[in-house]
1. Using a Förster radius of 41 Å, what is the FRET efficiency between residue A:323 and residue A:345 based on their Cβ-Cβ separation? Nearest 0.05, please.
2. Of all alpha-carbon pairs in region A:49-93, indicate the percentage at a distance above 16 angstrom.
3. Taking every Cα atom in region A:194-265, find the radius of gyration and the maximum pairwise distance Dmax, and write them in Å.
4. Note the angle between two axes, namely the Cα long axis of helix A:326-356 and the longest principal axis of the Cα atoms of chain A, as a number of degrees from 0 to 90, rounded to the nearest 10.
5. Taking every residue in B:195-202, how many Cβ atoms of other protein chains lie within 10 Å of its Cβ, on average?
6. Over the C-alpha atoms of region A:105-198, what are the Rg and the largest Cα-to-Cα span, Dmax, in Å?
7. How long are the semi-axes of the equivalent ellipsoid of region B:92-296, defined as square roots of 5 times the Cα gyration tensor eigenvalues? Whole Å, largest first.
8. From Cα coordinates alone, what are the radius of gyration and Dmax values for chain A in angstrom?
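Every number in this text was worked out from the coordinates using simple rules, so none of it is lab data. All values derive from a computational prediction rather than experimental measurement. FYI the Cβ positions are ideal-geometry reconstructions off the backbone, even for glycines, and counts take in every protein chain you see.
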């Protein structure tokens with residue numbers, strides 16, 4: 001049989017199709033990524049990374065098969081509804097909610113590094129640090145379920161986070177539980193990595209209940225379980241109509257430009273959010289610092305050369321050492337060689353991790369208070385919470401007391417004055433420049 | 001092969017290239033895959049409440065017997081010509097901050113080459129503490145915002161003590177403490193006022209303190225549950241008194257910028273992480289002059 005020439009010509013195309021199809025038919029189930037920025041920063045060895053991965057899988061399972069210990073106080077049924085691949089059962093009940101609605105921005109690990117992250121400003125939230133900005137609780141406390149539900153229901157104005165108000169309540173609740181699950185997993189990992197680095201040389205992290213559950217998991221679990229006890233309840237605002245409101249706004253304005261509250265330092269003398277442009281939030285700071293410490297390619301090459309030179313010199317000294325026995329010498333040389341390899345590995349890993357990040361660190365912009373758009377909500381109560389506790393994970397400081405019942409920088413009344421002033425800013429003349437006179441209008 | 005065939009061939013080659021390239025987008029660095037068998041075994045052990053056998057038990061430093069006490073001291077020196085600290089331009093509140101000569105304090109070398117602001121602290125947990133330290137257990141430890149910098153630049157405190165963040169400047173400051181074990185703090189400190197903070201948990205390493213209004217300002221704070229930490233003074237000297245003697249102790253040397261691994265002291269060398277183990281003798285223990293090479297930074 002004669003094979004037509006065109007068939008031969010199409011052979012690469014057929015191959016290409018096979019490559020495509022192969023990608024669709026068989027792929028590994030999605031997996032949780034390790035917190036590689038943390039791993040690189042703390043210079044974990046491959047063996048330590050394996051411990052990190054194994055412990056996390058033991059405590060939290062996989063994206064398709066999540067697991068939680070009762071100590072987490074999380075509801076595994078709700079988590080299962082949100083986890084896994086997207087499908088719907090015979091009753092039409094939606095499954096795999098996180099992957100249907102959230103994963104493209106927040107990523108499978110909840111690290112805020114989904115495929116769309118690179119084109120969004122601000123970047124999607126990375127849950128793993130357990131830091132949430134818009135909530136009703138004390139600064140460092142976790143948000144309550146109601147806080148997370150509100151974000152899902154309302155979305156976050158001026159960001160890519162949409163409203164999921166159309167989802168039924170049980171689906172919202174499942175997603176809230178899954179966000180808590182991912183966050184708890186991330187917090188546990190950060191603490192685990194810290195514990196791994198704290199182990200003395202030559203010893204291993206004890207993988208027992210005391211370390212993994214009582215020490216690591218419980219810390220994160222308790223924070224979430226006690227969130228509802230740490231809600232900030234402001235005192236009733238004073239009556240605010242007519243001249244009382246005007247007085248309150250005037251008092252707020254004085255505070256805004258005063259040296260006690262110092263609002264204008266970051267939000268700018270014009271309140272356009274142009275006072276401080278070079279600062280980073282906590283999520284971006286970590287990457288920014290790692291980048292700075294690593295330096296450019298010349299600095300990396302130089303550091304690598306120093307590591308090799310130091311190790312070689314050290315080895316040479318050991319070889320010349322006449323007091324050491326042949327056996328000791330061999331052990332010492334082996335350890336020098338191992339340390340050298342690890343140092344180079346750690347250096348390369350930092351570079352690789354930064355290279356692989358889907359987006360560069362970005363500075364944080366103080367809010368433009370004249371736009372009338374408030375990410376955490378526009379109710380006076382929302383603005384009060386932003387002022388009282390500051391915004392966790394950002395440079396915005398707290399004007400309320402650091403511990404409940406303590407004395408804050410401002411009194412609650414002064415905070416209400418500032419709330420009134422902030423809410424009045426979009427209506428000030430400077431926010432709404434006068435229109436040019438209508439040339440057609442005749443007097 | 002005629003030109004039509006060639007075109008088809010070329011097109012399909014491009015297709016193959018695209019298919020291959022699709023699989024070779026930005027690499028994902030995700031770390032090693034968990035081992036399901038290991039994870040499952042570990043989970044069973046944890047759920048059953050049993051203790052896994054793996055891992056070494058830390059040496060018990062709190063051995064019995066009457067405790068004798070020793071002092072550990074030494075000097076950190078910068079080997080060679082110290083770098084000139086880079087000046088900082090006061091871009092915020094220049095009318096106040098511009099009056100003070102501000103420099104980068106990440107490497108502070110004093111007269112005679114002494115390396116200041118290096119912390120030496122005890123890592124070994126649960127050691128007996130000398131009753132002498134009871135006197136200072138409830139003290140206030142001051143962190144002052146003064147002349148648009150933090151004073152001191154590096155400080156160590158105990159979990160029982162109170163951190164008093166003060167603002168001695170005529171302008172406002174905020175103090176952002178990025179803590180790990182304790183809840184993070186970002187307090188606004190108006191001019192002339194101070195804020196007391198309780199930090200009840202031990203931090204494994206010094207943590208950074210910053211001021212967002214004046215981004216150049218920075219300090220480092222170490223919180224420990226025992227009193228055994230010392231920050232080297234401007235001449236590079238450090239001293240920890242009344243340490244428990246005759247038992248294995250582990251210390252860590254830390255400097256904000258440098259790698260304190262491989263430092264040679266009298267009787268040993270720090271490991272890659274700047275740690276070393278030592279058994280103190282009662283009375284005086286001198287680590288001698290510890291030289292830190294410029295390549296460490």
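1. Working from the Cβ atoms, E equals 0.85.
2. So the pairs more than 16 Å apart make up 48 percent of the total in region A:49-93.
3. Here Rg and the maximum Cα pair distance are 24.6, 72 Å.
4. Relative to chain A, helix A:326-356 is tipped by roughly 40 degrees.
5. Across B:195-202, the average partner-chain Cβ count within 10 Å equals 2.
6. 13.9, 47
7. Details: eigenvalues 188, 88, 38 Å².
Output for region B:92-296: semi-axes of 31, 21, 14 Å.
8. 27.9, 108
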